[in-house]
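The values are calculated or read from the model by the stated rules, or taken from the named source; none is laboratory data. Just so it is clear, the model here is predicted, and its values are computed rather than measured. We place every Cβ from the backbone using ideal geometry, glycine too, and count neighbours over all the protein chains shown. All accessible areas refer to the heavy atoms of the entire protein, side chains included, with ligands and DNA or RNA removed. Shrake-Rupley method; radii C 1.70, N 1.55, O 1.52, S 1.80 Å.
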Amino acid sequence: MTEIYETDTLRNRHLIDPVAFIAALVLAPLLVAALGFWLVIPVFAVLMGGLPYLLAGGPLLAYGLRYNEPSFYVFAGIGLLANTATPLLVFLFYIAKETPEAALSLAAMSFGFGLIFAPLWCGVFAILYRHMRRELYSHPL
């Protein structure tokens, strides 16, 4: 009788390795910036998008790890989803300091850069997390 109510997602939940999660979350944007520093744009992207990445991406990445094996493409999709919150976060941050037009412009620019860097950072996060997590956390519950 209980089999009727069980779903695959409930059986395939994963514990999250907190040390690997925090390390991968912080290192992913820094690694992308380090590999592309000669372009300068990845370094600028970390400065501009680091906080929205942590605020919007962090919770979604944690949720994604609960139900998915860490893979580049799945987590790149999660990054695109997290990027949809970026304009609101950036707008709310800058509205107190700038005019509404300037805040809107900065939010749009942040969203545009996020279309490139959010999937890249989240995909690299998945690779780093997969390699850093301990054996205990690599099996479903």
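Things worth noting here:
- Selected residue (criterion: modelled with the highest pLDDT) from residues of segment 66-95 that are more than 9 Å from P119 (Cβ to Cβ) and β-branched (V, I, T): V74
- Candidate set from segment 36-45 (those that are farther than 12 Å from G114 by Cβ and part of a helix (DSSP H, G or I)); member that is modelled with the lowest pLDDT: W38
- The residue that is nearest to the chain's Cα centre (by Cα), counting only those in segment 13-22 that are at pLDDT 90 or above and open to solvent by less than 30 Å² (accessible area, probe 1.4 Å), is F21.
- Filter result for L31 (among the aliphatic types (A, V, I, L, M), open to solvent by 20 Å² or more (accessible area, probe 1.4 Å) and in a helix (DSSP H, G or I)): yes
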